[in-house]
Structure formats: structure tokens, C-alpha cells
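The structure under discussion appears below in the form of C-alpha cells.
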Amino acid sequence: MTNILKFLFFGLAIFLSSCKDDPIDEPIIEKEFGKVGTYEVSTFTAEDYVFSTVYYPSDISTFKEKSPVIFFVSGWIGGGVPSTKYETLMKFVASQGITIVYVDEGATTDFKFSIDAINTILDKDFVKTDILPFVDKTKFGIIGHSAGGGLVFTLLDRFKEEYGENGRFVMALDPWFAFGMDDAAMKGLPSNTNVSIIKFGTGGNSDNDGTDARIPLTEFYLLNSIEAKNKDYQVFENADHHYPYGEEIPGIVEPLHALMEYTFVDQAEYIRKIALEKGNDDPYADGNGIQVVLDSYKYPCDAGNTLIDYCEIVP
């Protein structure tokens, strides 16, 4: 009996020793997205250049790692659009520890206006001394709504050499024309870009929008340089064209939060799915996709002042 007990104790000791060399895998704790962040938010407004405003974490100068930077381009409502129209969205981004530069789209849909607005506010003394030294230009995003949603591609093309080497994204909300861009420029956008297009309303057509759905469809299908896993076309039905103005905008902030995290911090697959698999990689699908194309629109795809034939790519 004594020899048997010795054998059992010896075997148990070997088993316990092997367990030390083979630790149990820690469970993956998935981060929750869409909640306001912990950083207090400050603003700086360039009142001499329409409504350009920088929203930034108040303690940005104490960060161990520099803050990513995002540009936001407004929609057009017949004149200057103050940043307060989108304040929930602006403050949400900055509360995550990210600097966001808001610019008015302008009254003429001239993308040069938005570029000038960005360059002007970034050249302000306070911005140059108290914000930009703590910003990481290699981590970069652009968000736009309506007319500004089309301009995200234009601005990405114009700023691609200066921003985003270590990660970039664009999010287009109910976008209009990509002014200043032709087919080749759209097809040649940086391949390390994550792209999310979100259309609002049933079948991607909100009652108060009136923008031809073939415009955003064309923009999406021209993104040849970007892998399917890094782009997504989403339809958020429980919203209208003015949804980004709201105080509660979960249909934007959840995928945006995940998109920022995936682009700038953590490329975990579950994060990519939240950011870039809410919709579809073939949104038209020969007329059977998530985006419905109507017979007529207030703002049709064949309107002038564009280099792309938006009516041709999707019959």
C-alpha cells in the first residue's frame, strides 16, 4: 500500500508541474463600443473663418502617446453650418482621447473651401502651440455628412501624403458627390484606408434626403484599391438625413468608435466586425441588395459639376 501511495503522489507532482508550464488561456474581454469616453473636452474656434472648430481632450498635453487626428466636413444647408449642429458627435470623438477638426463644407460645394478652412485653423497660434505638438498626424481619419460625406474622398486624396501613414479611415454619412475626383482618383486611394459609408432610411432612402442612391453606390464600387474586409456599406433604417445632428446617435457612434479603435489601436477581428461588417460588400447586388434605387430623386446622379458618371456604374 505504501508503494502505491508513493506512486500516486509522484504522478500528481508530475501533473501539477506540467500545469505550470501550460497556463490556462485568459478569456478575451471584448470592449464595448458607443459609450462616451472619459476625457474632458475643450474647444477652439476660428471665428474669422466661418465655423471652423477644434474639439480636443482638455489634458492632451499630458498624453504619453500623441492623439490621432480626425477632420469632419459638414453638410450644406444654404450657408455656414456651426459645429454645434454636430456637437454630440464632435464631443463623442474628443472624449475618446482623439482630436477632431470641424470645418464647414461651404456654400459652393468647392472642396478647396474645406481644405482652406482646415489649413487656416491649423495655422492659428493657439492650435500650433497648444494642440498640434500633441497630435499624431500618422493616425488620421475623415468624417463627412451629406455634401461633406462626398468630400471625404476628395480630402483623403489631397492629404494622403501628409496624413495617415500608420492608419487612416473615412466615414461618409449619407454622402453626395465626391467633387474634384474622377474614376482613376477614386480607384487609387490609399490601400491602408478603412472605409465606412452609412446611408439612412428604409432601404437607404430617407424621406428628407432626395439624393440619388447611385451616387454613394458608385463611390463605394470605385474603391478598387481597398480590400473588401476593410470597407463596408451600411444602411441604418431608423434614421433620416438629419440624424447626425441628434443628441442620441447610436447608429453612428458605435461603428465609428469601433472604426477608430480598429484603425488606431487594436486590429482584433471582433472590432473589425463591429466597424466594417454592419452592412454589405455588395450593397446593390443587381437590384437585390441592401441599398434600394428609386425611380427618381430630387438630387439625381446626372447632375453637373462632377467628373464621375454616377449613373453608369449601377444600372
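Every read-out reported here was derived from the displayed coordinates using simple, explicitly stated rules and does not represent laboratory data. Quick caveat, the model's predicted, so the values are computed rather than measured. We place every Cβ from the backbone using ideal geometry, glycine too, and count neighbours over all the protein chains shown.
Observations on the model:
- Net charge dipole, the range 127-214: roughly 200 debye, given to the nearest 20, about the Cα centre with Cβ charges of +1 for Lys and Arg and -1 for Asp and Glu.
- Relative contact order of the chain: 16 percent, from C-alpha pairs under 8 Å at least 6 residues apart in sequence.
- Measuring between alpha carbons in the structure, the pairs from Lys139/Lys231; Lys31/Lys160; Lys66/Lys278; Lys137/Lys231; Lys35/Lys273; Lys91/Lys160 lying more than 20 angstrom apart are Lys31/Lys160; Lys66/Lys278; Lys137/Lys231; Lys91/Lys160.
- Computed lengthening from Glu237 to Asp266, 0.36 nm per intervening residue step minus Cα-Cα distance: 7.6 nm
- Reported label for calculated P(r) over Cα pairs in 20 Å bins from 0, in percent given [x] 33, 50, 9, 6, 1; [y] 33, 57, 10; [z] 33, 61, 5, 0: [x]
- Ordering of 197-206, 52-61, 30-39 by packing [mean C-beta count within 10 Å, highest first]: 197-206, 52-61, 30-39
- Using alpha-carbon coordinates, inclination of helix 111-122 to the longest axis of the chain, degrees: 60
- Thr62 versus Thr202: modelled label distance in nm, points set 7 Å from Cα along the beta carbon direction: 5.1
- In a reduced charge model with +1 at each Lys and Arg Cβ and -1 at each Asp and Glu Cβ, the chain shows a dipole moment near 840 debye about its Cα centre.
- Between the beta carbons of Tyr299 and Glu40, assuming R0 = 41 Å, the FRET efficiency works out to 0.55 to the nearest 0.05.
- Helix-only CD estimate at 222 nm, as mean residue ellipticity for the chain, using -39500 (n - 2.57) per DSSP H run (n ≥ 4): -9000 deg cm²/dmol
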